[in-house]
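Here's the structure we're looking at; comments come further down.
Read-outs: derived from the displayed coordinates by stated rules, not from any lab. On a predicted model such as this, the values are computed, not experimentally measured, just so you know. Here the Cβ positions follow ideal geometry from the backbone for every residue, glycine too, while neighbour counts run over all protein chains shown.
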């Protein structure tokens, strides 16, 4: 079967389909077009997607393009959205598989916080409204689309929670600019796209991120945004240019275990889209100990240079977070000078009681051969010593 003909992923087909389905043609400013071009060419030339992979990837790219068209149309009809202000968001950063999702889920259960929920990432327009935010019919529609991850690769249920009502990583918004290799790289193995993105300025994507948050809070005000993106760890200096008052939270976990878990998660995710084995070199920026250590050391250098004010960065250890989450969150609120109400605390406690961490099957993976683990320990020495991170 000529699956590339049956399920096309070329630019022309994708753009025309998105415009036809929405009846719109204005995608806004053009900073996304070159990343889009590089990405879809890499998908066609390198990803070796199977039929199911092509179907899913085409559907998800169209969701991004259609959302972008609808967002631009909404702003043209309602320019007053630009007047919205994003005040002192709490942003979770850090190495993947270090408790960041658990933390954002707990924070989002506090009604005084507003998270970026998965359903509004898929269907941001028309902008969510306060009265129907928890009952919008798009929630069920988005949930069925999101659950496809589990239908194709059931193992995903042990790795990550996909539910329309749960928080989503901000990387989904950045994907609307096609400047998010951490997310788009899960659509297929695209090494040339990863290499190209490593040389690009991501500030346009961060500006667009702010634009989308303004739209989402326009009719559903958020007292304080709580956001999450592991890629922001490398971009804290740029993020503070967009959100000068941002409160950054960095959970720390044994980096050897976190990197190994990340590699396993990526392999499982991509196995549902391609019959070809994972080429780990394409994802070494989050899976290879030397590359991850280099990234972490650069962040340490930035902190030493005063790029991030200490008052705007809070560190927490993974084991402290999972063993006594409310205590660590209270310490975080205190560090940032933010009041935590009794009602907010009670809501988070209720979430923890209703969602015990052992309710989901554990993600099982190997750390690798002993020699490789010892080598990884050496390259992570500076990071572990700096923040007092124990081996697991």
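Things worth noting here:
- For segment 34-83 versus segment 282-304, the inter-centroid distance based on Cα atoms is 29 Å.
- With 5 Å bins beginning at zero, the pair-distance distribution over Cα atoms of segment 279-356 amounts to 3, 12, 14, 14, 16, 14, 12, 11, 3, 0 %.
- Computed FRET value (nearest 0.05) for residue 153 with residue 341, which takes r as the C-beta separation and R₀ as 51 Å: 0.80
- Over segment 94-203, volume per residue of the alpha carbon convex hull, in Å³: 133
- Here is the size of the chain from its Cα atoms: Rg then Dmax, 20.4, 61 Å.
- Relative contact order of segment 3-387, defined on C-alpha pairs under 8 angstrom at six or more residues apart (%): 25
- When the helices of the chain are scored as -39500 (n - 2.57) per DSSP H run of n ≥ 4 and the total is divided over every residue, the value at 222 nm lands at -15500 deg cm²/dmol.
- Förster radius 30 Å - calculated FRET efficiency between residue 144 and residue 295 (Cβ-Cβ, nearest 0.05): 0.25
- Taking all Cα pairs closer than 8 Å and separated by 6 or more residues, the relative contact order of segment 240-365 comes to 32 percent.
- For segment 326-392 and segment 175-232, distance of Cα centres in Å: 24
- Using distinct alpha-carbon pairs, which all enter the 1/r mean, Kirkwood radius of segment 1-78 in Å: 13.2
- Beta bridges per DSSP, both residues in the chain: antiparallel share near 15 percent.
- Extension gain, residue 83 to residue 10: 0.36 nm times the residue separation minus the Cα-Cα distance gives 22.6 nm.
- Residue 59 versus residue 357: modelled label distance in nm, points set 7 Å from Cα along the beta carbon direction: 3.3
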